[in-house]
1. Please state which one of Val12, Val48 is under 15 Å from Thr118 (Cβ atoms) and either over 16 Å from the mean Cα position of the chain (by Cα) or loosely packed, with under 14 Cβ neighbours inside 10 Å (or both).
2. Search segment 111-124 for residues being open to solvent by 40 Å² or more (accessible area, probe 1.4 Å), assigned to a loop (DSSP other than H, G, I, E, B) and out of contact with any helix residue (DSSP H, G or I) (no Cβ under 9 Å at 6 or more places or on another chain), and hand back the single one that is nearest to Asp59 (Cα to Cα).
3. Report every pair of residues separated by at least 6 positions or lying on different chains whose Cβ atoms are under 7 Å apart, first residue within segment 99-116 and over 15 Å from Glu46 (Cβ atoms), second surrounded by 14 or more Cβ atoms within 10 Å (Cβ to Cβ) and of a type in the set (S, T, N, Q).
4. Just the residues that are part of a loop (DSSP other than H, G, I, E, B), more than 19 Å from Thr58 (Cβ to Cβ) and open to solvent by less than 60 Å² (accessible area, probe 1.4 Å), please, taken from segment 88-110.
5. Out of all the residues in segment 23-32, is one or more surrounded by 20 or more Cβ atoms within 10 Å (Cβ to Cβ) and either among the acidic types (Asp, Glu) or at pLDDT 95 or above (or both)?
6. If we scan segment 62-84, do we find a residue that is in contact (Cβ under 8 Å) with a residue 60 or more places away in the chain, of a type outside the set (D, E, K, R), farther than 15 Å from Ala98 by Cα and out of contact with any Pro (no Cβ under 9 Å at 6 or more places or on another chain)?
7. Counting only residues that are within 18 Å of Gly15 (Cα to Cα) and exposed (fewer than 15 other Cβ atoms within 10 Å of the Cβ), how many does segment 64-82 have?
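The values are calculated or read from the model by the stated rules, or taken from the named source; none is laboratory data. Nothing here was measured: the structure is a model prediction, and the numbers come from that model. Cβ: placed from backbone, ideal geometry, glycine included. Neighbour counts: every protein chain shown. Keep in mind that these areas ignore ligands, DNA and RNA; they rest on the heavy atoms of the full protein, side chains included. Shrake-Rupley method; radii C 1.70, N 1.55, O 1.52, S 1.80 Å.
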Amino acid sequence: QVQLVESGGGLVQAGGSLRLSCAASGRSFNSSNMGWFRQAPGKEREFVAAISRTGGSTDYADSVKGRFTISRDNSKTTTVYLQMNSLKPEDTAVYYCAADYSRSLLRAPTYDYWGQGTQVTVAS
């Protein structure tokens, strides 16, 4: 089992920044690829970013590339982060982190474990 707890969401003005955190516990964090997804009201959950076990590989949705950065700390804190800059109203959604134990970085929302989500609201 893996427990994932997101934090860092909130209300921000367009053009602002937020950093989301996802604290992981349970099954070995170093063995999992990690991803961030988001879901806006009335829309399907969509891929945002993913990072490999070691942090050596990352993947981003085109809509956030150049604005968002995913990173992870595999040492003491076992936490994955999503730094979000130049936020836009269309970034408003509930953001979820997820853990996956397959070989490849996945964009599909088929990850093994999910957090409860944190709300991000970007005001225009």
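1. Of the residues listed, the single one that is under 15 Å from Thr118 (Cβ atoms) and either over 16 Å from the mean Cα position of the chain (by Cα) or loosely packed, with under 14 Cβ neighbours inside 10 Å (or both) is Val12.
2. First, pick out the residues of segment 111-124 that are open to solvent by 40 Å² or more (accessible area, probe 1.4 Å): 112-114, 116, 119, 121, 124.
If we keep only those that are assigned to a loop (DSSP other than H, G, I, E, B) too, we end up with 112, 116, 124.
Next, only the ones that are out of contact with any helix residue (DSSP H, G or I) (no Cβ under 9 Å at 6 or more places or on another chain) stay: 112, 116.
On the way: Asp112: 18, Gln116: 22 Å.
It comes out as Asp112.
3. Partner pairs satisfying both residue conditions: Ala99/Ser32; Asp100/Ser32; Asp100/Asn33; Tyr101/Ser32; Leu105/Asn33; Leu105/Ser52.
4. Thr92
5. If we filter segment 23-32 for residues that are surrounded by 20 or more Cβ atoms within 10 Å (Cβ to Cβ), which is where we start, we get 24, 29, 32.
Narrowing the set further to residues that are either among the acidic types (Asp, Glu) or at pLDDT 95 or above (or both) leaves none.
No, segment 23-32 has no match at all.
6. In the first step, residues of segment 62-84 are kept if they are in contact (Cβ under 8 Å) with a residue 60 or more places away in the chain; the result is 81-84.
Still in the running and of a type outside the set (D, E, K, R): 81-84.
Checking which are farther than 15 Å from Ala98 by Cα leaves us with 83-84.
Retained after the next criterion (residues that are out of contact with any Pro (no Cβ under 9 Å at 6 or more places or on another chain)): 83-84.
Yes: one or more hits.
7. Step one: list which residues in segment 64-82 are within 18 Å of Gly15 (Cα to Cα), which gives 64-69, 82.
Adding the requirement that they be exposed (fewer than 15 other Cβ atoms within 10 Å of the Cβ) leaves 65-66.
The qualifying residues number 2.
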